1. Among the residues of the range 46-60, is there at least one that is open to solvent by 10 Å² or more (accessible area, probe 1.4 Å), among the aliphatic types (A, V, I, L, M) and in contact with a strand residue (DSSP E or B) (Cβ under 6 Å, 6 or more places away or on another chain)?
2. Among all residue pairs at least 6 apart or on different chains, which show Cβ distances below 6 Å where the first residue, located in the range 158-170, is open to solvent by 40 Å² or more (accessible area, probe 1.4 Å) and the second is among the β-branched types (Val, Ile, Thr) and assigned to a strand (DSSP E or B)?
3. Step by step: first the residues of the range 9-36, then only those that are open to solvent by 50 Å² or more (accessible area, probe 1.4 Å) and part of a loop (DSSP other than H, G, I, E, B), then the one that is modelled with the highest pLDDT. Which residue is that?
4. Within 16 Å of the ligand (Cβ to nearest atom) and within 30 Å of residue 48 (Cβ to Cβ), is that true of residue 105?
5. Looking at the range 166-204 only, could you name the residues that are within 17 Å of residue 56 (Cα to Cα) and out of contact with any strand residue (DSSP E or B) (no Cβ under 8 Å at 6 or more places or on another chain)?
6. Being in a strand (DSSP E or B) and within 16 Å of the ligand (Cβ to nearest atom) is the filter; apply it to the range 174-204 and report the residue that is farthest from residue 88 (Cα to Cα).
7. Just to be sure I understand the filter: pairs with C-beta atoms under 8 Å, separated by 6 or more residues or on different chains, first member in the range 56-72 and within 20 Å of residue 181 (Cβ to Cβ) and more than 8 Å from the ligand (Cβ to nearest atom), second member at pLDDT below 95 and not in a helix (DSSP H, G or I). Which pairs pass?
8. Considering only the range 61-85, state which residues are open to solvent by 20 Å² or more (accessible area, probe 1.4 Å) and either basic (Lys, Arg) or in contact with a helix residue (DSSP H, G or I) (Cβ under 6 Å, 6 or more places away or on another chain) (or both).
Amino acid sequence: MQETENTYNRTLRIGVLALQGDFAAHMKMLANLGVEAKAVKLPAHLDDLDGIILPGGESTAIGKLMVLYDIRDVLLKKIREGFPVWGTCAGLILLAKETDNALAGQPLLASMDIKVRRNAFGSQRESFETDLSVPVLGEAPFHAFFIRGPIIEKVGPEVEVLATLDDGSIVAVREGHLLGTAFHPEVSGDPRFHQYFLRLVGTR
Ligand code: GLN
């Protein structure tokens with residue numbers, strides 16, 4: 001079985017939440033991998049998808065728009081039923097059960113057993129690039145772009161840590177069908193994280 005196909009042997013159909021943020025870069029990466037990429041704005045767009053990516057952007061804005069477009073509760077129900085989701089940066093914040101400084105009432109999906117700190121790198125290092133060791137992607141380091149990213153401060157017992165910075169800060173995690181990265185693999189030109197997510201989708 002090819003990794004771009006699911007168990008029914010058809011091309012995987014992956015949604016990218018397209019309410020705000022850098023969804024276009026994810027769609028391009030998916031298309032390059034031979035996957036059917038679908039922009040998701042409304043609840044009906046979630047039908048017939050094999051998984052979804054929540055892009056980076058502003059988690060407060062994306063959260064509010066999810067409520068406005070009536071998509072949050074539908075997505076939450078699907079997540080509870082095992083729908084594969086990958087959150088990058090703001091998307092990771094939306095997936096976290098705990099955030100240290102979410103704005104009061106900020107709508108979240110609160111599904112992964114992790115605690116994140118938003119804008120964790122402060123003003124000086126708000127954005128930076130670094131080579132990360134990510135053993136599940138193979139030996140070659142993954143060049144990661146952090147753009148006002150969060151860090152993951154705490155993980156629950158079922159959470160697998162996929163990558164840390166040199167100082168030990170956790171920046172990539174998986175919990176069952178949920179994947180989270182504090183950085184932006186869609187701008188790196190390296191498809192390995194997208195391929196990893198597709199494997200997760202295809203084998204569940
Ligand atoms: N700082 C943003 C937030 O808190 C996340 C930044 C990003 O997604 N690149 O939502």
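The values are calculated or read from the model by the stated rules, or taken from the named source; none is laboratory data. In this text, all values refer to a predicted model and were calculated from it rather than measured experimentally. Counting neighbours? That spans all protein chains shown, and the Cβs are built from the backbone with ideal geometry, glycine included. The accessibility values were calculated without ligands, DNA or RNA, using every heavy atom of the protein model including side chains. Shrake-Rupley method; radii C 1.70, N 1.55, O 1.52, S 1.80 Å.
1. Looking through the range 46-60, at least one residue is open to solvent by 10 Å² or more (accessible area, probe 1.4 Å), among the aliphatic types (A, V, I, L, M) and in contact with a strand residue (DSSP E or B) (Cβ under 6 Å, 6 or more places away or on another chain).
2. Listed by first residue and then by second, the contacts come to 161/170; 161/173; 164/170.
3. Residue satisfying both the conditions and the ranking: 20.
4. So residue 105 does not fit the description; no.
5. Answer for the range 166-204, where residues must be within 17 Å of residue 56 (Cα to Cα) and out of contact with any strand residue (DSSP E or B) (no Cβ under 8 Å at 6 or more places or on another chain): 189, 191, 194.
6. Residue satisfying both the conditions and the ranking: 179.
7. Here the result reads 63/106; 63/107; 63/108; 66/107, each pair linking the range 56-72 to a residue that is at pLDDT below 95 and not in a helix (DSSP H, G or I).
8. Scanning the range 61-85 gives 64, 70, 72, 74, 77, 78, 80.
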